[in-house]
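Comments concern the structure below.
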Amino acid sequence: MKNINIPRILRLVFGILIILQAIDVKEWLLAIPGVFLLLLAALNTGCGAGGCTVPYKRNRHSTIDRMGNKIMK
């Protein structure tokens, strides 16, 4: 696992704890969020710090004037 940071460690720890708790109390539906958190940590995904924003692709041949109008060149 590369890029280990605090949120990733927290997701990993909470995922493991939730799965262990689900096994202990035999509540198998509780394991689903635990597996989800574990996968988020293992795959290094999630929506933190603008990670879920869609990138804005700007046309190289156009500019936007002060009024917000698109001007084609």
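A few notes on this one:
- Residue count for region 1-37, restricted to those that are surrounded by 12 or more Cβ atoms within 10 Å (Cβ to Cβ) and either touching a Lys or Arg at 6+ places or on another chain (Cβ under 7 Å) or among the acidic types (D, E) (or both): 1
- Within region 7-48, the residues that satisfy the criterion of being among the small types (G, A, S) and in a helix (DSSP H, G or I) are G15, A22, A31, G34, A41, A42.
Taken together, the values in this text are just the output of simple stated rules run on the coordinates, not laboratory data. Fair warning: this is a prediction, and the values are worked out from it, not measured in the lab. Quick reminder, even Gly has a Cβ in these numbers, built from the backbone with ideal geometry, and neighbours come from all protein chains shown.
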